[in-house]
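See structure below.
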Amino acid sequence: MIKKFLLLTLLVLAGLSFYFHHGVQAAGTATITANGQSGIVWVPLWSQPTIAWTSDASTCDVFIGTNQGHGSEPWSSGHPSYTATSPPIGADTVFFLVCYTSPDFANPSSSDEVTVRPLPAPTASIIVNGSHDVTTSVPSGTAVEVTWSSNATYCQVHRGDATNDGPIAWEGANGDVSTPITSYTRFRLYCQGPNGSAFDQASVDVSAPPAVVTHISCDPGTVAYGGSSNISWSSSYASSCTVSPGGWSGISGGPNSTGTLYSSTTYTISCSR
């Protein structure tokens, strides 16, 4: 009786063992990476990242597709663990890893995926006084606002003229500065990033200065022999003036007495910018 009970117990345990090992298969593991990273991986445009996968399955297929799915033909087949170089990446690309465990090759036992996304192309934009890549004019000595921006990792702003880059004035991917202008100036923005380079420029010109305006008067305008008059003067857009005879100076002045006059006398104002 005891022997029959032991034999029945062993048969039951053997059946349970067969059931768990063959009737129900535990889910396997599968991992796929791009350049050693999982999830969404950013790479330079048109680069070829390293795709690596591992699994405890008997065999695996890797499909290339998009977020909408993939085709029926695998990019790589038959390798449960492998490393390969991807095709050039020009847009979002999803690598799907699908693995199978013997003896059931009809239904996947595990899967994983990694998305490879190209970095955006560098951009560059520079404006002067709110004008983008157009020539604006300001009076000489006026301070202008130079603003630039980029998604690149490094930028230089050169301050030159129509034909020469000139020296580096500022650095950085973004900036906003105020600087005086005394002659035609062209600002050139050079940017560099992992996906290449970008360029933009903006110019500012100095407008022609207005003409110097002068005014001189005498009060009274007619005097008797031995009399005197008073001279007054003013000017616009001048830096210095001289009145002769008399030797008076200044961009404006008077009234200054002529002193005693014994003949007709003409007073002249001369100004410089």
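Being in a strand (DSSP E or B) and either farther than 20 Å from T31 by Cβ or out of contact with any Cys (no Cβ under 9 Å at 6 or more places or on another chain) (or both) is the filter here, so list the residues in segment 60-91 that pass it.
Within segment 60-91, V62, F63, I64, G65, T66, G69, H70, T83, A84, T85 meet the criteria.
Here are some residues: E171, E145. Which one is among the acidic types (D, E), out of contact with any Lys or Arg (no Cβ under 7 Å at 6 or more places or on another chain), loosely packed, with under 11 Cβ neighbours inside 10 Å and over 30 Å from P255 (Cα atoms)? Lay out the reasoning, then the answer.
Values: E145 fails: loosely packed, with under 11 Cβ neighbours inside 10 Å.
Result of the check over E171, E145: E171.
Take G254 and tell me if it is part of a loop (DSSP other than H, G, I, E, B), at pLDDT below 95 and not charged (D, E, K, R). Break it down stepwise before answering.
Working: part of a loop (DSSP other than H, G, I, E, B): no; at pLDDT below 95: yes; not charged (D, E, K, R): yes.
So G254 does not fit the description; no.
When both residues are 6+ apart or on different chains and their Cβ atoms are under 9 Å apart, which pairs have a first residue that lies in segment 138-165 and is acidic (D, E), and a second that is assigned to a loop (DSSP other than H, G, I, E, B)?
E145/N129; E145/G130; D161/S183; D161/Y184
Give A238, A202 a once-over and let me know the one that is within 30 Å of V144 (Cβ to Cβ), assigned by TED's automatic domain parsing to the domain that holds G160 and of a type in the set (G, A, S). It would help to see each step written out before you state the result.
On the way: A238 fails: assigned by TED's automatic domain parsing to the domain that holds G160.
Of the residues listed, the single one that is within 30 Å of V144 (Cβ to Cβ), assigned by TED's automatic domain parsing to the domain that holds G160 and of a type in the set (G, A, S) is A202.
With respect to D205, determine if the residue is of a type outside the set (A, V, I, L, M, F, W, C), in contact with a Leu (Cβ under 7 Å, 6 or more places away or on another chain) and either exposed (fewer than 14 other Cβ atoms within 10 Å of the Cβ) or under 30 Å from V128 (Cβ atoms) (or both). Lay out the reasoning, then the answer.
Numbers: of a type outside the set (A, V, I, L, M, F, W, C): yes; in contact with a Leu (Cβ under 7 Å, 6 or more places away or on another chain): no; either exposed (fewer than 14 other Cβ atoms within 10 Å of the Cβ) or under 30 Å from V128 (Cβ atoms) (or both): yes.
Criteria not met by D205.
State yes or no: is D104 among the charged types (D, E, K, R) and touching a Ser or Thr at 6+ places or on another chain (Cβ under 7 Å)? Give the derivation first.
On the way: among the charged types (D, E, K, R): yes; touching a Ser or Thr at 6+ places or on another chain (Cβ under 7 Å): no.
No: the conditions fail for D104.
Please specify each residue of segment 206-255 satisfying the condition of being closer than 17 Å to T266 by Cα and either without any contact (Cβ under 8 Å) to a residue 12 or more places away in the chain or in contact with a helix residue (DSSP H, G or I) (Cβ under 6 Å, 6 or more places away or on another chain) (or both).
Hits for segment 206-255 are P220, G221, T222, A224, G247, S249.
Quick check on T182: is it free of Cβ contacts under 8 Å to residues at least 40 places away in the same chain and over 30 Å from Q37 (Cα atoms)?
Details: free of Cβ contacts under 8 Å to residues at least 40 places away in the same chain: no; over 30 Å from Q37 (Cα atoms): yes.
When the stated conditions are applied, T182 does not pass them.
Would you tally the residues in segment 100-132 being in a loop (DSSP other than H, G, I, E, B) and touching a residue at least 40 places away in the same chain (Cβ under 8 Å)? Please lay out each step first, then the result.
In the first step, residues of segment 100-132 are kept if they are in a loop (DSSP other than H, G, I, E, B); the result is 102-103, 105-109, 119-123, 129-130.
Narrowing the set further to residues that are touching a residue at least 40 places away in the same chain (Cβ under 8 Å) leaves 102, 105, 109, 119-123, 129.
Looking only at that region, the number is 9.
Say we look at segment 76-124 and pick out the residues that are of a type in the set (F, W, Y) and at pLDDT below 95; which of these is nearest to the chain's Cα centre (by Cα)? I'd like the intermediate steps shown before the answer.
The first filter runs over segment 76-124 and keeps only residues of a type in the set (F, W, Y), leaving 82, 95-96, 100, 105.
Narrowing further to those that are at pLDDT below 95: 100, 105.
Values: Y100: 47, F105: 51 Å.
It comes out as Y100.
Considering every residue within segment 17-27, establish whether at least one is at pLDDT 95 or above and assigned to a loop (DSSP other than H, G, I, E, B). Before you say what the answer is, go through the steps one by one.
Kept after step one, since they are at pLDDT 95 or above, are these residues of segment 17-27: none.
Checking segment 17-27: not a single residue is at pLDDT 95 or above and assigned to a loop (DSSP other than H, G, I, E, B).
Give me the pairs, please: first residue somewhere in segment 60-83 and without any contact (Cβ under 8 Å) to a residue 24 or more places away in the chain, second residue anywhere and assigned to a loop (DSSP other than H, G, I, E, B), beta-carbon distance under 9 Å, and either six or more positions apart or on two chains.
W75/S86; W75/P87
Would it be correct to say that S77 is outside the structural domain of C60 (by TED's automatic domain parsing) and touching a strand residue (DSSP E or B) at 6+ places or on another chain (Cβ under 8 Å)?
On the way: outside the structural domain of C60 (by TED's automatic domain parsing): no; touching a strand residue (DSSP E or B) at 6+ places or on another chain (Cβ under 8 Å): yes.
Here the answer is no, as S77 does not meet what is asked.
In segment 133-145, which residue that is in a strand (DSSP E or B) and not aliphatic (A, V, I, L, M) is modelled with the lowest pLDDT?
The initial filter retains those residues of segment 133-145 that are in a strand (DSSP E or B), namely 135-138, 142-145.
Checking the rest, the ones that are also not aliphatic (A, V, I, L, M) come to 135-137, 142, 145.
Working: T135: 60, T136: 66, S137: 81, T142: 88, E145: 95.
Ranking the qualifying residues of segment 133-145, first place goes to T135.
Quick one: which of T265, T242, T214 is part of a loop (DSSP other than H, G, I, E, B) and not small (G, A, S)?
Sole residue among the options that is part of a loop (DSSP other than H, G, I, E, B) and not small (G, A, S): T265.
When the residues of segment 214-248 are narrowed to those that are in contact with a Ser or Thr (Cβ under 8 Å, 6 or more places away or on another chain) and either exposed (fewer than 12 other Cβ atoms within 10 Å of the Cβ) or among the aromatic types (F, W, Y) (or both), which ends up farthest from S140 (Cα to Cα)?
Residue satisfying both the conditions and the ranking: G226.
The values are calculated or read from the model by the stated rules, or taken from the named source; none is laboratory data. From a predicted model like this one, the values you see are computed outputs, not experimental measurements. Neighbour counts run over all protein chains shown; Cβ positions are idealised from the backbone, glycine included.
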